[in-house]
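One structure is given here, and the rest of the page talks about it.
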Amino acid sequence: MIRWLVAGAGQAGRCHIAAIDKTDGAVLAGIVDPGIIADASVPVYADLLAALTDAEADAIVIAAPNDTQAGLVQMALDSGLPVLCEKPVGKTYVEAEALNAQANELDVPLGVVLNQRAQIHSRWIQELIESGALLPRTVTFTGDLAKLQGWHADPARSGGGVLRTIGLHYIDLLLWWFGPPSDVQASLTGAHQEDCIDVALGFSSGCRAQIKLDAVKE
């Protein structure tokens, strides 16, 4: 039985809580959130330090706002708890690399939630590519996204716009399917950084991929 702490009870955190409740061999040990959670059936802690001191947990999910996640991951790793963190694990490459180095030094597992790999259609495409039955020459991800709300709309807290919210998932799928890109070209525009992105990637397989995402304006 794995006893989980969940830090952050927003939309993503509640998805993790529901998944833990539905999973055999998993149990929710506590929730870390400064807000009031009226329907909680487990202990709720206002801060992570209190939870790490009091709760009997085997692992932790970090699903907090982007600007707080790096500090929470660092604290959890120092406690020795395996960590599963919502993306992005850091607002910058430097932050993410530092956390990865810390996890390796302490020999504590650190994972990042990139859940598009778990989708049936994503796995099907991967299996076709791996078997050689499918050799894509072009891949395009495109769409208009709902206007970012709350802290997601604040680049100082989120670290960016649509590239961080959705674009990262598409980049991860491309890396999974084709490996590291051989070249990358990107245009990030908009009043609030990354309102619109146009990213082109080339791969050694000969595939060319494009990610075009626009945030819906008011």
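Consider residue 26 carefully, then state whether it is closer than 27 Å to residue 156 by Cα and over 15 Å from the mean Cα position of the chain (by Cα). Show your work before the answer.
Working: closer than 27 Å to residue 156 by Cα: no; over 15 Å from the mean Cα position of the chain (by Cα): yes.
So residue 26 fails the test.
Given the criteria among the hydrophobic types (A, V, I, L, M, F, W, C), over 16 Å from the mean Cα position of the chain (by Cα), under 19 Å from residue 163 (Cβ atoms) and open to solvent by 50 Å² or more (accessible area, probe 1.4 Å), does residue 112 qualify? Spell out how you get there, then give the answer.
Working: among the hydrophobic types (A, V, I, L, M, F, W, C): yes; over 16 Å from the mean Cα position of the chain (by Cα): no; under 19 Å from residue 163 (Cβ atoms): yes; open to solvent by 50 Å² or more (accessible area, probe 1.4 Å): yes.
Spelling it out, it is not the case that residue 112 is among the hydrophobic types (A, V, I, L, M, F, W, C), over 16 Å from the mean Cα position of the chain (by Cα), under 19 Å from residue 163 (Cβ atoms) and open to solvent by 50 Å² or more (accessible area, probe 1.4 Å).
Could you please let me know if residue 30 is more than 28 Å from residue 201 (Cβ to Cβ) and open to solvent by less than 20 Å² (accessible area, probe 1.4 Å)?
Values: more than 28 Å from residue 201 (Cβ to Cβ): yes; open to solvent by less than 20 Å² (accessible area, probe 1.4 Å): yes.
In short, yes.
Exactly one of these conditions fails for residue 159: (1) open to solvent by 50 Å² or more (accessible area, probe 1.4 Å); (2) over 18 Å from residue 141 (Cβ atoms). Give me its number.
Result: residue 159 fails condition (1) only.
Taking the stretch 123-175 on its own, how many of its residues are under 15 Å from residue 198 (Cβ atoms) and within 18 Å of the chain's Cα centre (by Cα)?
10
State whether the residues of the stretch 99-108 include one that is out of contact with any helix residue (DSSP H, G or I) (no Cβ under 9 Å at 6 or more places or on another chain) and within 22 Å of residue 160 (Cα to Cα).
yes
Select from the stretch 115-130 the residues that are in contact with a helix residue (DSSP H, G or I) (Cβ under 8 Å, 6 or more places away or on another chain) and not β-branched (Val, Ile, Thr) and write down the one among them that is least open to solvent (accessible area, probe 1.4 Å).
To start, the set of residues in the stretch 115-130 that are in contact with a helix residue (DSSP H, G or I) (Cβ under 8 Å, 6 or more places away or on another chain) comprises 115-117, 122-123, 125-126, 129.
Imposing the further condition that a residue be not β-branched (Val, Ile, Thr) reduces the set to 115-117, 122-123, 126.
Details: 115: 73, 116: 48, 117: 90, 122: 1, 123: 103, 126: 27 Å².
Across the stretch 115-130, the extreme among qualifying residues is 122.
From the list 68, 92, which one is touching a residue at least 60 places away in the same chain (Cβ under 8 Å) and of a type in the set (Ser, Thr, Tyr)? Give the derivation first.
Values: 68 fails: touching a residue at least 60 places away in the same chain (Cβ under 8 Å).
Residue meeting the stated conditions: 92.
Out of (1) open to solvent by 50 Å² or more (accessible area, probe 1.4 Å); (2) touching a residue at least 60 places away in the same chain (Cβ under 8 Å); (3) within 25 Å of residue 201 (Cα to Cα); (4) assigned to a loop (DSSP other than H, G, I, E, B), what's the single condition that is false for residue 133?
Going through the list (1) open to solvent by 50 Å² or more (accessible area, probe 1.4 Å); (2) touching a residue at least 60 places away in the same chain (Cβ under 8 Å); (3) within 25 Å of residue 201 (Cα to Cα); (4) assigned to a loop (DSSP other than H, G, I, E, B), residue 133 breaks only (2).
Residue 86 passes all but one of (1) among the acidic types (Asp, Glu); (2) surrounded by 14 or more Cβ atoms within 10 Å (Cβ to Cβ); (3) farther than 22 Å from residue 150 by Cβ; which number fails?
It is condition (3) that residue 86 fails.
Out of the residues in the stretch 175-218 that are acidic (Asp, Glu) and either in a strand (DSSP E or B) or buried (at least 16 other Cβ atoms within 10 Å of the Cβ) (or both), state the one that is modelled with the lowest pLDDT. Can you show your working first?
The initial filter retains those residues of the stretch 175-218 that are acidic (Asp, Glu), namely 183, 194-195, 198, 214, 218.
Checking which are either in a strand (DSSP E or B) or buried (at least 16 other Cβ atoms within 10 Å of the Cβ) (or both) leaves us with 183, 194-195, 198, 214.
Working: 183: 95, 194: 74, 195: 81, 198: 93, 214: 87.
For the stretch 175-218, the residue satisfying everything is 194.
Quick one: is residue 105 under 30 Å from residue 81 (Cα atoms), of a type in the set (D, E, K, R), free of Cβ contacts under 8 Å to residues at least 40 places away in the same chain and surrounded by 16 or more Cβ atoms within 10 Å (Cβ to Cβ)?
Details: under 30 Å from residue 81 (Cα atoms): yes; of a type in the set (D, E, K, R): yes; free of Cβ contacts under 8 Å to residues at least 40 places away in the same chain: yes; surrounded by 16 or more Cβ atoms within 10 Å (Cβ to Cβ): no.
When the stated conditions are applied, residue 105 does not pass them.
From 51, 46, grab the single residue that is of a type in the set (A, V, I, L, M), over 27 Å from residue 149 (Cα atoms) and over 17 Å from the mean Cα position of the chain (by Cα).
Numbers: 46 fails: over 27 Å from residue 149 (Cα atoms).
Residue meeting the stated conditions: 51.
The values are calculated or read from the model by the stated rules, or taken from the named source; none is laboratory data. Not measured: the values here are computed from a predicted model. FYI the Cβ positions are ideal-geometry reconstructions off the backbone, even for glycines, and counts take in every protein chain you see. Areas reflect the complete protein model, heavy atoms only, side chains present, ligands, DNA and RNA absent. Shrake-Rupley method; radii C 1.70, N 1.55, O 1.52, S 1.80 Å.
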